[in-house]
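Notes follow once the structure below has been shown.
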Amino acid sequence: MARRKIIAGNWKMNMTPSQAVALCDTLKDLVVTDEADVVYCVPAIDIIPVVEAVKGTNVEVGAENLYFEDKGAYTGEISAEMLVDAGVKYVIIGHSERRDYFKECDCLLNKKVKQALKAGLIPILCCGESLEQREMGVTMDWIRLQIKSDLTGVTADQVKGMVIAYEPIWAIGTGKTATTEQAQEVCKGIRDCIAEIYDTDTAQAVRIQYGGSVNAGNAAELFAQPDIDGGLVGGASLKADFGKIVNYK
Ligand code: PGA
């Protein structure tokens with residue numbers, strides 16, 4: 001069975017609540033499609049106004065982070081239950097910016113993945129290598145380690161509903177996209193890794209996105225690859241161009 005494409009914007013730390021609502025308005029008619037799931041992953045403070053702004057459209061809302069405990073004395077954190085109650089469906093976990101700037105390690109990310117799944121959120125689990133790792137030839141070893149650690153204790157059925165985003169760190173925000181061949185090769189490698197940990201059915205069901213300088217010009221070729229099921233889009237998700245990426249065909 002063909003996997004449904006999923007094209008998600010990662011707004012990062014951009015858009016005040018009022019700017020967020022204005023962007024939803026700009027994108028409203030441009031992101032209409034029957035062929036893919038469309039998600040806006042937005043800063044926590046934008047979640048409630050964005051959920052409201054996309055009501056009645058084909059857009060779902062995602063968060064960019066969550067905490068792994070149910071509730072309690074964790075000043076500044078946001079729980080899975082809060083996200084669900086606010087109308088969130090997806091949550092980005094393990095973006096390289098969080099791994100790097102906020103020192104989130106795989107054992108923490110594993111807890112976050114499990115917490116998201118427990119609450120009924122769909123994790124968009126990010127992985128990817130640095131330029132140094134690519135040049136050392138350890139890309140797939142590194143990514144397999146990330147995937148295996150982050151999915152420890154996660155069941156096959158849970159993985160089937162998840163999204164994994166392959167984002168080479170050197171391609172994020174740099175305008176330097178991985179070649180189509182590089183992106184396909186690693187996305188296939190991730191699928192093979194899932195088949196190895198779980199089984200072929202699970203590997204065929206999980207959706208794997210490519211992220212890193214996706215734009216209106218390269219989306220069609222990337223998303224046409226057999227193992228690339230859409231994209232996680234940063235910079236270009238904040239512009240009208242996101243409509244072209246969603247309707248890439
Ligand atoms: P970019 O970001 O599209 O701006 O490269 C992608 C991401 O970080 O998810």
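The figure for TRP170 is an accessible area of roughly 30 square angstrom, using a 1.4 Å probe on the protein chains alone.
Please arrange CYS107, CYS193 by accessible surface area, largest first, computed with a 1.4 Å probe and ligands excluded.
Working: CYS107 90, CYS193 0 Å².
From most exposed to least exposed: CYS107, CYS193.
Over the chain, what is the mean sequence separation of C-alpha contacts under 8 Å (at least six apart), divided by residue count, expressed as relative contact order in percent?
22
Averaged per residue, the chain has 45 square angstrom of accessible surface, using a 1.4 angstrom probe with ligands and nucleic acids left out. Annotation: aspartates and glutamates with alpha-carbon distance below 12 angstrom to LYS111 (same-chain offsets under eight excluded): GLU69, ASP70, ASP150. Ordered by solvent-accessible area of protein heavy atoms (1.4 Å probe), largest first, the residues TYR101, TYR67 come out as TYR101, TYR67.
Give me the net charge for the shell around LEU151: Cβ to Cβ below 15 angstrom, other residues only, Lys and Arg +1, Asp and Glu -1.
Net local charge, LEU151 excluded: +3.
Partner lysines whose Cα lies under 16 Å from the Cα of LYS160, excluding those fewer than 8 positions away in the same chain, are identified as LYS5, LYS89, LYS114, LYS118, LYS148, LYS188.
What size of dipole, in debye to the nearest 20, comes out for the chain about its Cα centre when the only charges are +1 on Lys and Arg C-beta atoms and -1 on Asp and Glu C-beta atoms? Write down the numbers at each step before the final one.
Values: 26 positive and 35 negative charges, 36 e Å.
For this selection, approximately 180 debye.
Determine the order of LYS12, LYS28 by accessible area, beginning with the largest, at a probe radius of 1.4 Å. Don't skip to the answer; put the middle values down first.
Details: LYS12 50, LYS28 90 Å².
The ranking, largest first, comes out as LYS28, LYS12.
For the chain, with all protein chains in place and a probe radius of 1.4 Å, 54% of the accessible heavy-atom surface sits on carbon or sulfur. Residues considered: ILE48, ILE228, ILE194. Largest GNM mean-square fluctuation over the chain, using C-alpha springs under 10 Å, is found at ILE48. The Cα center of the stretch 118-156 and the Cα center of the stretch 179-249 differ in position by 15 Å.
Decide, for the chain, between rounded, prolate and oblate: order the square roots of the alpha carbon gyration tensor eigenvalues as a ≥ b ≥ c, take rounded if a/c falls under 1.5, and otherwise choose prolate if a/b is larger than b/c, else oblate. Kindly include the intermediate steps, with their values, before the conclusion.
Values: a/c = 1.45, a/b = 1.11, b/c = 1.30.
Note, shape of the chain comes out rounded.
The values are calculated or read from the model by the stated rules, or taken from the named source; none is laboratory data. Here the structure is a predicted model, which is why all the values come from computation and not from measurement. With ideal geometry, Cβ positions are generated from the backbone for all residues, glycine too; neighbour counts draw on all protein chains shown. Quick note on the areas: whole protein, heavy atoms, side chains included, nothing else; ligands and nucleic acids left out. Shrake-Rupley method; radii C 1.70, N 1.55, O 1.52, S 1.80 Å.
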